[in-house]
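Structure provided below as structure tokens; questions to follow.
The values are calculated or read from the model by the stated rules, or taken from the named source; none is laboratory data. Computed from a prediction, not measured in an experiment: that's the story for all the values here. In this analysis, Cβ positions are derived from the backbone assuming ideal geometry, glycine residues included, and neighbour counts consider all displayed protein chains.
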Amino acid sequence: MSIKFVDGSVTAPKGFVASGVHCGIRKNKNKRDLALIYCEKPCTAAAIYTTNLVKSAPILVTRANLENGTAQAVICNSGNANTCNSDGVAVAEKTCALVAKALNIDEKDVIVGSTGVIGQKLPIEPIANSIPELVSALSKEGATNAAEAIMTTDLVKKEYAVEAEIGGKTVYIGGIAKGSGMIHPNMATMLCFITTDAAISADMLKIAVKTVADKSFNMVSVDGDTSTNDTLAVMASGLAGNAEITEQNEDYNIFVEALTILCRKLSKEMAKDGEGASKLLVCKVSGAKTEKDAKGVAKSVVCSSLLKAAMFGSDANWGRVLCAIGYSGCDVDINKVDVSFASKAGKVDVCKNGAGIDFSEEIAKTVLTEDEIDIVVELNDGNGVAEAYGCDLTYEYVKINGDYRS
């Protein structure tokens, strides 16, 4: 069985149900703002978090809860980040306790997350009052509501699932994610919760999560700002019935490949849904001396504000690509670099051996007018390859962030 996408998200794996409701944190009663994911049995679990020195209270609580490598539920609110608050940890701990009591599980087996405005106190009352409704709404069909409930400025839900065969058993991995602005991860993603019915030890899961994040979420940038709340958490129920993965063997490699495919899809959706974005940018780098150099070049290119602005204007200003490569800090011979722009409308070569070549501006404009653009960089200096995901920089981005708190 090859790895393939299937319908569903966090409830596709065996043992998981989910829900999402409006609890009152957000003023708009039509927007869900509280999500719950629950497994019928304790799971092995692992998570990684933002490298920002300012960390949300939910991260501090979740990190402590996951020290034993187990979890059984995830609760997450939108509309308030619960960050830089004097009572933030107490509120996050109380949230875990409320969920645990309602589900009859250990409060240390709860992963808690928050997203929204930083520096505003999060009232516990809306959450406490809505826990009964949230728990009663748990179902296999509730994943979409959960995906909606963690959205802030996101315009579209981000939820996917993949299927793979591990040890002769069919395994599912599903995920929901949110992220539209303040996206420049240095560990994982904005908020992403993943479930799987694969049997895998907590130690192996932790290694897998970090490995996959470095190839997916850590290669995304919307605006260069690393969030205070970034969390990627994974729970594994083991209900697929495969032999538990306890070492980096062939079963582990298949699991990592499937998880990578899922996370790259979620990463692209985040970049495409960047605040105010009109285009997804994918920088595809090949021929680097090392994979590290390839990653550094790709990320530098998609982070360039000047290039992002040029892509918004469908301007084939390839010099901005070389400029970004030049300050990436990577080991690159700029005199070997080739650059092309590509989309479903075609491909146009714009640079060869670090110098401009003649090309049709009309064709280039046609290529760059599409909503998904590949920036193809060939370094001609090795075997290192990488992809990074970003978006264009539009007037709308400034508008959104100029009155975000309102």
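I'd like the residue in segment 14-41 that is touching a strand residue (DSSP E or B) at 6+ places or on another chain (Cβ under 8 Å) and small (Gly, Ala, Ser) and, out of all such residues, is farthest from Ser139 (Cα to Cα).
Taking the candidates together, the pick is Ala35.
Acidic (Asp, Glu) and under 22 Å from the mean Cα position of the chain (by Cα) - does that describe any residue in segment 142-151?
Within segment 142-151 (the criterion being acidic (Asp, Glu) and under 22 Å from the mean Cα position of the chain (by Cα)), the answer is yes, since at least one residue qualifies.
What number of residues within segment 203-221 are surrounded by fewer than 22 Cβ atoms within 10 Å (Cβ to Cβ), under 14 Å from Ile245 (Cα atoms) and touching a strand residue (DSSP E or B) at 6+ places or on another chain (Cβ under 8 Å)?
Number satisfying all stated conditions: 1.
Within segment 229-341, which helices (runs of 4 or more DSSP H) (wholly inside it) include 3 or more residues that are surrounded by fewer than 17 Cβ atoms within 10 Å (Cβ to Cβ)?
250-272, 305-312, 319-326
So if I check each of Asn104, Asn80, Asn85, Asn129, which one is in contact with a Leu (Cβ under 6 Å, 6 or more places away or on another chain) and in the same structural domain as Glu67 (by TED's automatic domain parsing)?
Sole residue among the options that is in contact with a Leu (Cβ under 6 Å, 6 or more places away or on another chain) and in the same structural domain as Glu67 (by TED's automatic domain parsing): Asn80.
Those residues that are of a type in the set (Ser, Thr, Tyr) and under 17 Å from Asp392 (Cβ atoms), I need them from segment 321-374; list them, please.
Ser343, Thr366, Thr369
Return yes when Ile183 is of a type in the set (A, V, I, L, M) and modelled with pLDDT of 90 or more and no when it is not.
No, not satisfied.
Name the one entry in Ser86, Ser78 that is among the hydroxyl-bearing types (Ser, Thr, Tyr) and in a strand (DSSP E or B).
Answer to the selection: Ser78.
Take the residues in segment 106-136 that are closer than 19 Å to Asn28 by Cβ and outside any helix (DSSP H, G or I), then tell me which one is farthest from the chain's Cα centre (by Cα).
Pro123
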